[in-house]
Amino acid sequence: MNVEQVVPGDLSVIQNDNTDKGLRRITITVTDPQSNQTTLIGFRSETGVMEHNPEEAGTFVTWVGTELDVGSRSIKFVGGANIANHTLEP
Amino acid sequence: MKKISLRQNPCKNNRHRRSGYLYVSVMGVATVVSIIGFSAMTLARMKLKSAQSGNESTEAVILSQSAIEYAMANIHENSSWRNDYAGSTEVPGTPLAVGNGTVTFKLVDDDGSLSDDTDDLATLYGIGRVGDTVHVQSVVIQPSGSEMEIVVGSWKRTAAP
């Protein structure tokens, strides 16, 4: 995983000084057992959707998923999704 | 007129008949093998396409959220953003290449003019594209002092604006 400070107006500029513009480029590379590499790149901002303090304390659900046991050999099927609009745990 | 009798050469006729059966059998087996092979190839191709589609969809989701983050950082840095990003068009004009896809955002004011009132709320659409897959997320942003902030609870996945 690689986290870099970048300039909002020009994402090719990587900042190494203290003039933080509040934007990060996060690069995650995963290598599978067959040595195939998968890379995903995302951005996070200090004013972005993940930086909100909730108005009240609570336990929030950020992900829902299913796990199914199929057949007598208990073959597992797992799936899920991130919830965009975080909701209070019921 | 010459009379042709089947009894004339029974060995030869049997040999022809056996050859015919063999031919039909070989053709039948070859057809079945071909069908099995073609089905396996089609199934493999469908699985590959499904996996690729899943990967594209996952990356498009990440890029659409990244588009919102990118837009918020730009709005934070650019004091004339209401003029620069007016017109309900996707920004930047040339989509920003990120990973295997692109990122753009769009700002829409309900009254149609982003620049007419600095107190107006705006809807920010983050758009991620990977291949043929398009994913859009949106938030409502509101003034907070001299800055803009995301309205809590407004974050959602949505259709393209």
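The values are calculated or read from the model by the stated rules, or taken from the named source; none is laboratory data. Nothing here was measured: the structure is a model prediction, and the numbers come from that model. A quick note on method: Cβ atoms are made from the backbone with ideal geometry, for glycine too, and the neighbour counts reach across all protein chains shown.
Taking chain A as the region of interest, the strands (runs of 3 or more DSSP E) fully inside it that hold 2 or more residues being farther than 27 Å from B:MET148 by Cα are A:23-31, A:37-45, A:60-70, A:75-88.
Tally time: how many residues in segment B:48-70 are in contact with a Gly (Cβ under 9 Å, 6 or more places away or on another chain) and facing chain A (nearest Cβ under 10 Å)? Talk me through it step by step, then tell me what you get.
Taking segment B:48-70 as the starting set, the residues that turn out to be in contact with a Gly (Cβ under 9 Å, 6 or more places away or on another chain) are B:52-53, B:56, B:59-70.
Next, from what is left, pick out any that are facing chain A (nearest Cβ under 10 Å): B:59, B:61-70.
Counting residues in segment B:48-70 that are in contact with a Gly (Cβ under 9 Å, 6 or more places away or on another chain) and facing chain A (nearest Cβ under 10 Å) gives 11.
Working only within segment B:127-161, note down all residues that are on the phi > 0 side of the Ramachandran plot and either of a type in the set (S, T, N, Q) or facing chain A (nearest Cβ under 10 Å) (or both). Across segment B:127-161, the qualifying residue is only B:GLY153. Out of all the residues in segment A:36-54, is one or more more than 12 Å from chain B (Cβ to nearest Cβ) and either in contact with a strand residue (DSSP E or B) (Cβ under 7 Å, 6 or more places away or on another chain) or under 20 Å from B:THR104 (Cβ atoms) (or both)? Yes, segment A:36-54 has at least one match.
Of all residues in segment B:134-161, those satisfying the criterion of being within 20 Å of the chain's Cα centre (by Cα) and over 18 Å from A:ASN82 (Cα atoms) are B:ALA160, B:PRO161. Filtering segment B:71-88 to residues that are at the interface with another protein chain (Cβ under 10 Å from one of its Cβ atoms) and either on the phi > 0 side of the Ramachandran plot or outside any helix (DSSP H, G or I) (or both) leaves only B:ASN78.
Only one entry in B:LEU96, B:LEU107, B:LEU124 is in contact with a strand residue (DSSP E or B) (Cβ under 6 Å, 6 or more places away or on another chain) and away from chain A (no Cβ under 14 Å), namely B:LEU107. Kindly list the number of the only condition in (1) closer than 30 Å to B:THR158 by Cα; (2) at pLDDT 90 or above; (3) more than 30 Å from the chain's Cα centre (by Cα) that fails for B:SER64. If we test B:SER64 against (1) closer than 30 Å to B:THR158 by Cα; (2) at pLDDT 90 or above; (3) more than 30 Å from the chain's Cα centre (by Cα), just (3) comes out false.
Restricting segment B:89-148 to residues that are touching a residue at least 40 places away in the same chain (Cβ under 8 Å) and in a loop (DSSP other than H, G, I, E, B), the residue that is surrounded by the fewest Cβ atoms within 10 Å (Cβ to Cβ) is B:ASP132. Checking the structure you have, find out if any residue of segment A:61-72 is exposed (fewer than 10 other Cβ atoms within 10 Å of the Cβ), within 13 Å of chain B (Cβ to nearest Cβ) and more than 13 Å from the chain's Cα centre (by Cα). No, every residue in segment A:61-72 fails to be exposed (fewer than 10 other Cβ atoms within 10 Å of the Cβ), within 13 Å of chain B (Cβ to nearest Cβ) and more than 13 Å from the chain's Cα centre (by Cα). Quick check on A:LEU11: is it modelled with pLDDT under 85, within 27 Å of B:TRP155 (Cα to Cα) and under 21 Å from the mean Cα position of the chain (by Cα)? Taking the combined requirement at face value, the residue satisfies it.
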